[in-house]
1. Sort out which residues of segment 79-130 are closer than 20 Å to VAL63 by Cα and either of a type in the set (Val, Ile, Thr) or in contact with a strand residue (DSSP E or B) (Cβ under 8 Å, 6 or more places away or on another chain) (or both), and write them in order of number.
2. So how many residues does segment 57-101 have that are of a type in the set (Phe, Trp, Tyr), within 30 Å of ALA116 (Cα to Cα) and surrounded by 19 or more Cβ atoms within 10 Å (Cβ to Cβ)?
3. Please enumerate the residues belonging to segment 27-49 that are under 17 Å from GLY91 (Cβ atoms) and either assigned to a loop (DSSP other than H, G, I, E, B) or at pLDDT 75 or above (or both).
4. When the residues of segment 50-63 are narrowed to those that are part of a helix (DSSP H, G or I) and touching a residue at least 12 places away in the same chain (Cβ under 8 Å), which ends up nearest to the chain's Cα centre (by Cα)?
5. Please determine, by comparing only the residues of segment 106-116 that are buried (at least 18 other Cβ atoms within 10 Å of the Cβ) and under 27 Å from ARG83 (Cβ atoms), which one is nearest to the chain's Cα centre (by Cα).
6. Out of the residues in segment 64-102 that are farther than 19 Å from ALA50 by Cα and in a helix (DSSP H, G or I), which is nearest to the chain's Cα centre (by Cα)?
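The values are calculated or read from the model by the stated rules, or taken from the named source; none is laboratory data. If you're wondering where the values come from, they're calculated on a predicted model, not measured in any experiment. Here the Cβ is made from the backbone with ideal geometry for all residues, glycine too, and neighbour counts use every protein chain on show.
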Amino acid sequence: RTAAQGAPPAAPPAQQYAPPAAPPQYAPPQYAPPQPYPQQAPAAWNQQQAPKNHLVTSILVTVLCCLPLGAVAIYFSTQVDSRWQRGDYAGATDAAKKANLFATLAVVLGLIANCAYLALQIASQSGSSY
């Protein structure tokens, strides 16, 4: 039979194994010294300072004037620094504006409520006789 008629192909010639004359020499890897991270050029608004968070004002307003609005002011005050550190500069500025707004509203409403309470107390005392 011939190869064209479907005879199996001949096996490749056997190769002789020759062990190496000496074990291979390995050199320790050469490492480069650590390089500092490249400094990015700061954006224009990275050079700005973080907005004021109004936290102390919010706490004082909550205790002294108006609890509900003061609590909202505290919430927004605590958001300012974390947003600034995450790089959300617009969100930090917005939270600072909202904290200031709610603290101011709490002062105004607290003063109005206290003045109204005082006026009612004076009116009730002057109308009654002992």
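1. THR104, VAL107, VAL108, ILE112 - these are the residues of segment 79-130 that are closer than 20 Å to VAL63 by Cα and either of a type in the set (Val, Ile, Thr) or in contact with a strand residue (DSSP E or B) (Cβ under 8 Å, 6 or more places away or on another chain) (or both).
2. Filtering segment 57-101 down to residues of a type in the set (Phe, Trp, Tyr) leaves 75-76, 84, 89.
Narrowing the set further to residues that are within 30 Å of ALA116 (Cα to Cα) leaves 75-76.
Now restrict to residues that are surrounded by 19 or more Cβ atoms within 10 Å (Cβ to Cβ): 76.
Summing the residues that are of a type in the set (Phe, Trp, Tyr), within 30 Å of ALA116 (Cα to Cα) and surrounded by 19 or more Cβ atoms within 10 Å (Cβ to Cβ) in segment 57-101 gives 1.
3. ALA43, GLN48, GLN49
4. Start the filter on segment 50-63 by keeping residues that are part of a helix (DSSP H, G or I), which leaves 55-63.
Those still in the list that are touching a residue at least 12 places away in the same chain (Cβ under 8 Å) too: 55, 57-59, 61-62.
Values: LEU55: 18, THR57: 23, SER58: 21, ILE59: 23, VAL61: 26, THR62: 26 Å.
It comes out as LEU55.
5. Taking segment 106-116 and keeping what is buried (at least 18 other Cβ atoms within 10 Å of the Cβ), we get 106-107, 110.
So of that shortlist, the ones also under 27 Å from ARG83 (Cβ atoms) come out as 106-107.
Values: ALA106: 28, VAL107: 30 Å.
Checked segment 106-116; the qualifying residue nearest to the chain's Cα centre (by Cα) is ALA106.
6. Initial filter on segment 64-102 (farther than 19 Å from ALA50 by Cα): 64-72, 102.
So of that shortlist, the ones also in a helix (DSSP H, G or I) come out as 64, 67-72, 102.
Working: LEU64: 31, LEU67: 27, PRO68: 26, LEU69: 25, GLY70: 23, ALA71: 21, VAL72: 20, PHE102: 23 Å.
Here the residue is VAL72.
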